[in-house]
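Novice: Sending over a structure as structure tokens; questions will come in a sec.
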Amino acid sequence: MGTGTERQETGKDVKHGVFVIFVGDIEEKWDEPTVTAKLIMEKAGVTEPDKFVLEALDHKGGDPVAEFSTNDPVDLSAKDRKFFRVTPGGGGRS
Amino acid sequence: MSDLVEADLPQPFRDALRCLREKKDAGARVDAVSGNFAYVWVEKLAKNNALESAGGWLRLPVAFPHANPHGLITREALRGASEGEVGDGHHAGHDMCKPVAGIGGAHYYSWTWENAPPPRTPEDIIGVVQWYERRIRKG
């Protein structure tokens, strides 16, 4: 497991055969490599995931490198898919 | 804005400001209040180009989190993620800049919270900043 500033290419925990990811400070473990953003957000406690987007970060507390809407699949075996944050979606202009 | 005036803002707003300072930007400050909105300077606002002038003023309702953010003011026009400038809701020299015009506010982005999940707690201020950063990124 990495430190707060260490880059992690994927969330795969080879020893235990699961994908360990973090949504903010919340740790999640997934057996399968591909999960929808909705499930990841729900597991992190988001009650209305369709109103948010899941952003993948380059490291813990880092910059977003990709974003996923609620029904998008997230490949946890891909690069930069260990640290995430949840950001409100939507928005218009006046 | 003096601490005395900031102390006059509603407690939930001050709680949000404290959270913003603790988790995002210790230097966040209220530079003006105009009507129902406070102009909150956030220096550590992620932009598309490292060479851009830092920061911007979030227009946050003093009733936050019970009302929605509306608009961003910057000193310089925001650069786009690829090329050019962020054109979404951009109004150079708009009247909305006036409360912070004396300290450089010159570009107004008339972004609304439409279709976004309503803030519920003062801690939601962090998501609000992320929302602004996403809008800057998407241009």
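No lab work stands behind these numbers, since they all come straight from the coordinates. Values in this document were obtained by computation on a predicted structure and should not be read as measured data. No Cβ is skipped: glycine too gets one built from the backbone with ideal geometry, and neighbour counts run over all protein chains shown.
Novice: Could you please find all residues in the range B:1-19 being over 15 Å from B:Leu60 (Cα atoms) and part of a helix (DSSP H, G or I)?
Specialist: Correct list: B:Asp3, B:Leu4, B:Val5.
Novice: Just checking, does the range B:97-104 include any residue being within 14 Å of another protein chain (Cβ to nearest Cβ) and surrounded by 19 or more Cβ atoms within 10 Å (Cβ to Cβ)?
Specialist: No, the range B:97-104 contains no residue that is within 14 Å of another protein chain (Cβ to nearest Cβ) and surrounded by 19 or more Cβ atoms within 10 Å (Cβ to Cβ).
Novice: Which one of B:His70, B:His66, B:His91 is more than 14 Å from chain A (Cβ to nearest Cβ) and either under 17 Å from A:Arg93 (Cβ atoms) or touching a residue at least 24 places away in the same chain (Cβ under 8 Å) (or both)?
Specialist: Numbers: B:His70 fails: more than 14 Å from chain A (Cβ to nearest Cβ); B:His91 fails: more than 14 Å from chain A (Cβ to nearest Cβ).
Just a single option satisfies the conditions, and that option is B:His66.
Novice: Return the pairs, sorted by first residue and then second, in which the second residue is in a loop (DSSP other than H, G, I, E, B) and of a type in the set (Gly, Ala, Ser), the first residue lies in the range B:102-118 and is at positive phi, the beta carbons are less than 7 Å apart, and the residues are 6+ apart or on different chains.
Specialist: Once the first residue is at positive phi and sits in the range B:102-118, its partners that are in a loop (DSSP other than H, G, I, E, B) and of a type in the set (Gly, Ala, Ser) give B:Asn115/A:Gly90; B:Asn115/A:Gly91.
Novice: So, in the range B:126-137, of the ones that are in contact (Cβ under 8 Å) with a residue 12 or more places away in the chain and within 17 Å of B:Ile73 (Cα to Cα), which residue ends up farthest from the other protein chains (Cβ to nearest Cβ)?
Specialist: If we take residues in the range B:126-137 being in contact (Cβ under 8 Å) with a residue 12 or more places away in the chain and within 17 Å of B:Ile73 (Cα to Cα), then B:Ile136 is farthest from the other protein chains (Cβ to nearest Cβ).
Novice: Can I ask one more? Answer yes or no as to whether A:Ser94 is in contact with a Lys or Arg (Cβ under 7 Å, 6 or more places away or on another chain) and surrounded by fewer than 19 Cβ atoms within 10 Å (Cβ to Cβ).
Specialist: no
Novice: For the range B:47-65, what are the residues that are among the aliphatic types (A, V, I, L, M) and out of contact with any helix residue (DSSP H, G or I) (no Cβ under 8 Å at 6 or more places or on another chain)?
Specialist: Filtering the range B:47-65 down to residues among the aliphatic types (A, V, I, L, M) leaves B:50-51, B:54, B:58, B:60, B:62-63.
B:Ala50, B:Leu51, B:Ala54 - these are the residues of the range B:47-65 that are among the aliphatic types (A, V, I, L, M) and out of contact with any helix residue (DSSP H, G or I) (no Cβ under 8 Å at 6 or more places or on another chain).
Novice: Mind listing whichever residues of the range B:3-54 are within 24 Å of A:Val65 (Cβ to Cβ), within 14 Å of another protein chain (Cβ to nearest Cβ) and not polar (S, T, N, Q)?
Specialist: Once the filter is applied, which keeps residues that are within 24 Å of A:Val65 (Cβ to Cβ), within 14 Å of another protein chain (Cβ to nearest Cβ) and not polar (S, T, N, Q), the range B:3-54 yields B:Lys23, B:Lys24, B:Asp25, B:Lys44, B:Leu45, B:Ala46, B:Lys47, B:Ala50.
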